[in-house]
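Written out below as structure tokens is the structure these notes cover.
The values are calculated or read from the model by the stated rules, or taken from the named source; none is laboratory data. In this text, all values refer to a predicted model and were calculated from it rather than measured experimentally. Neighbour counts run over all protein chains shown; Cβ positions are idealised from the backbone, glycine included.
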Amino acid sequence: MPIKSYLAHPHTGKKNALITALSKIANCEVIPAENRDLLIVVTDTNSKVEDENLKETIEAIESLKLLVMVSGFDTPKQD
């Protein structure tokens, strides 16, 4: 299951709109920075396909200026 963390930079004046949009997405946790116009986004999905779809959904948000992956890993399923 892929788990990734991102830094999300909103367009100027759009931080709250971005928080709202990201908070509505399943498998996505949002942590706003207190001293910067920046959000930490953590995603946790069940497959690579689900992860790719989630990233595309996030990147389509109009209030998002830039999304940068900070860390990511995939744990293989155990039989």
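In this structure, is residue 38 under 16 Å from residue 66 (Cα atoms), touching a residue at least 60 places away in the same chain (Cβ under 8 Å) and not charged (D, E, K, R)? Considered against the rule, which asks whether it is under 16 Å from residue 66 (Cα atoms), touching a residue at least 60 places away in the same chain (Cβ under 8 Å) and not charged (D, E, K, R), residue 38 comes out as no. All conditions in (1) touching a residue at least 60 places away in the same chain (Cβ under 8 Å); (2) surrounded by fewer than 15 Cβ atoms within 10 Å (Cβ to Cβ) hold for residue 7, with the sole exception of (2). Count, please, the residues in the range 23-50 that happen to be among the charged types (D, E, K, R) and farther than 22 Å from residue 9 by Cβ. The total comes to 2. For the condition surrounded by 15 or more Cβ atoms within 10 Å (Cβ to Cβ) and within 18 Å of residue 70 (Cα to Cα), residue 18 does not qualify. Residues in the range 44-79 that are modelled with pLDDT of 95 or more and either in contact with a Ser or Thr (Cβ under 6 Å, 6 or more places away or on another chain) or not charged (D, E, K, R) (or both): 11 in all.
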